[in-house]
Amino acid sequence: YSTSGTVTTWKVGGTWEVNDDLRFRATRSRDIRAPSMAELFSGATTAQFSPFDPVINQSYSVQTLTRGNGSLQPEKADTLTAGVVLSPAFVPNLRVSIDYYDIELKDAILALSASSIVDRCYRDQPQLCGLITRGADGRIARVESSPQNLQSVHTRGVDVEVAYRMPVASGDLSLRALVTYVGKMKLDDGRTVTELAGSTDQPTIASLGGTPHWRANANATYKAGPTTLSLTGRYVGGGNINNAFTYKDLDVLEHSGRLYVDMSAQYAIIDDGDRNVSLFAGVSNLFDNDPPITGTGGFATVRSLYDVVGRTYTAGVRFRY
C-alpha cells in the first residue's frame, strides 16, 4: 500500500472427504484490512469542547480538530475455522454444515473522542499525548481527534446451516436455516476490556454493535410454475443490556429476544429468456413485534439488531427486456 507499505497475508486450508456423506474442512489464515479512504484522508472539521486538564487542574474551552490519519496501519487478524459437512444418503437433498470459528483481530482502528484522548493521555496511554498541542501559557490549545490503531477484538463461535429440498405437489419446496452462536466477543480498546457476547450494549467507541449469543434465520420457499411463495423467520436473541451492569445499577438487566416473520409472493407474467415480467408483494414483521427497550447507543433500543419500524408492506413489478 502506498500509505502503509508491505503487508503479508497467507491462508492454509484442507478438506477430507471421508465418503459421500461426510466431509471435514479447516483453514488457518492471516487476514488484513487496509484503512479506508475516509479513515486516512477525511477532511478536517473543528469544534469546541471543554475537557478537564489534569496538568493545571481546570476545565476550559478547547478547539478539537477531527480528520483522517495518514499514518494508520492495516488491521491484522488471525483466523481459525474448522467444520464438518453432512450429506446423508438416507435423506436425499439434505445438507448440514457445522463450523467453529476463532478470530483474533489486532491493531483495529478506533476513533476516540477529544475528551477521551485528554483523559487517556494523562492516565495510562501516553502515546496519545502527541495529539494534544499546548500554547505558550501551558493550556491546551488544540486536540486532534483522528483514528488510531489501538483496538483489539477476539471472537469465537459456531455457525450451523441446514438446507433441504423436496418436491411437493406440482412444485418444489426449499427449506434453509442459518443459526449463529457467539460465545465470545471481547473488545480491548487499550484501556478497558469489555465482553460484548450475550449483551446488546453499543459502546460509543466501538465499531461493534450488540452481540446476543444467538441469532437465526429460517426460510421456506415454494415454487410451482410461475408462482413463488416465501415465508421467513428472523430471530435475534436477547441478553443483558450491559454485561457490566449489576442489580444495584439497574433494575432491568436483561431482556428476551425477538422473532420476526416475513411473507412474500411473486408471480411471473412473462418468463421468456431475456424478457421477464413479475408481480410481487410482501409483508415484513407480519405480527408487528415491538423492539425490546435496552436504553443503549443513545436510543431506546438497538437499531442495528431490532426492528424499530413495525409491520411494513411492499408491492411492485419487476421487469427486464
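For this structure, a couple of remarks:
- The single condition among (1) under 30 Å from Glu161 (Cβ atoms); (2) under 22 Å from the mean Cα position of the chain (by Cα); (3) open to solvent by 20 Å² or more (accessible area, probe 1.4 Å) that Ala108 does not satisfy is (3).
- Of the residues making up segment 211-240, those that are of a type in the set (Gly, Ala, Ser), buried (at least 17 other Cβ atoms within 10 Å of the Cβ) and not in a strand (DSSP E or B) number 2.
- Where a residue in segment 107-129 is within 12 Å of Phe52 (Cβ to Cβ) and among the hydroxyl-bearing types (Ser, Thr, Tyr) and its partner, wherever it lies, is in a loop (DSSP other than H, G, I, E, B) and at pLDDT 85 or above, with Cβ under 8 Å and at least six apart: Ser115/Pro51; Tyr122/Pro54; Tyr122/Val55
- Selection status of Tyr100, modelled with pLDDT of 95 or more, of a type outside the set (A, V, I, L, M, F, W, C) and open to solvent by 40 Å² or more (accessible area, probe 1.4 Å): yes
- Count of residues meeting criterion [buried (at least 18 other Cβ atoms within 10 Å of the Cβ) and polar (S, T, N, Q)] in segment 74-94: 0
Here is a yes/no grid of residues against (1) in a strand (DSSP E or B); (2) aromatic (Phe, Trp, Tyr); (3) loosely packed, with under 15 Cβ neighbours inside 10 Å; (4) under 16 Å from the mean Cα position of the chain (by Cα):
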residue	(1), (2), (3), (4)
Val96	yes, no, no, no
Arg120	no, no, no, no
Asp124	no, no, yes, no
His154	yes, no, no, yes
Val162	yes, no, no, no
Leu175	yes, no, no, no
Lys186	yes, no, no, yes
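- Entry remark, segment 19-42: residues being outside any strand (DSSP E or B) and open to solvent by 60 Å² or more (accessible area, probe 1.4 Å) number 5 in total.
The values are calculated or read from the model by the stated rules, or taken from the named source; none is laboratory data. It should be emphasised that the depicted structure is a prediction, and the values quoted were computed from it without experimental measurement. All Cβ positions, glycine included, derive from the backbone under ideal geometry; neighbour counts span all protein chains shown. Just so you know, the surface numbers come from the protein's heavy atoms only, side chains and all, with ligands and any DNA or RNA stripped out. Shrake-Rupley method; radii C 1.70, N 1.55, O 1.52, S 1.80 Å.
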